[in-house]
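Single-structure report; data block below.
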Amino acid sequence: MAMAERRAQIVWEGDLRGGSGQLHVASGAFAAQTMTFSARSEGADGKTSPEELIAAAHATCYAMAFSNTLTTEGGVAPERLEVTAVCALDRVTDGLKITTMDLTVRGRVQGIDDARFKELAKMAEQRCPVSNALRNNVQVRLDAAVM
């Protein structure tokens, strides 16, 4: 049995280019979101996209994994971690594909120098469940440095 399951639903009306959908998350953590293909492939125009949601999930998951790795392997909890994830959607030969995820982390951790920070950052990326879900399909690149 899974440790946790989370649910989302979208109701889509219309064709790809002219249609839209209403995304709902079961937790109620945020209001229904309107999704359109133009918001995904052109300008966001105040709407989110699957890539933005994946980036949000990855940034959050990685921050948790790195915090845990710093505590368990580095022996100290971080004071602050700032994680940014950028998910790229590209046109490829047979359609669209999420090709890369760039993770950038800057952190303030007592007693950890930049070299050790980078080492632990890489270890955390290998342990991150979202990184592991993307691995072998999406190129995950990591840029880590102390603040």
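Each value in this text was obtained by applying a stated rule to the coordinates, not by laboratory testing. Treat the numbers as computed from the prediction; the structure is a model and nothing was measured. Ideal geometry is used to build each Cβ from the backbone, glycine not excepted, and the neighbour counts take in all protein chains shown.
Tabulated data for the structure shown
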{"read-out": "Whichever lysines have a C-alpha closer than 23 Å to that of LYS97, once near sequence neighbours (fewer than 8 apart) are set aside", "value": "LYS47"}
{"read-out": "Candidates VAL130, VAL76, VAL11: whichever shows maximal mean-square fluctuation once the chain is modelled as a Gaussian network with Cα springs under 10 Å", "value": "VAL11"}
{"read-out": "Cα extents of segment 1-79 along the three principal axes, largest first (Å)", "value": "53, 33, 19"}
{"read-out": "Simple Cβ-charge dipole of the chain, Lys/Arg +1 and Asp/Glu -1, about Cα centre, in debye nearest 20", "value": "200 debye"}
{"read-out": "Alpha-carbon Rg with Dmax, taken over the chain, Å", "value": "17.6, 56"}
{"read-out": "Residue order, fewest to most surrounding Cβ atoms within 10 angstrom, among GLU125, GLU42", "value": "GLU42, GLU125"}
{"read-out": "FRET efficiency, 1/(1 + (r/R0)^6) with R0 25 Å, evaluated for GLN139 and GLU82 via beta carbons", "value": "0.70"}
{"read-out": "Highest average packing first - 61-72, 25-36, 81-92, Cβ atoms within 10 Å", "value": "61-72, 81-92, 25-36"}
{"read-out": "Considering only the chain, percent of DSSP beta bridges that pair antiparallel, nearest 5", "value": "75 percent"}
{"read-out": "Between helix 114-127 and the chain: long-axis angle, C-alpha atoms, 0 to 90°, nearest 10", "value": "50 degrees"}
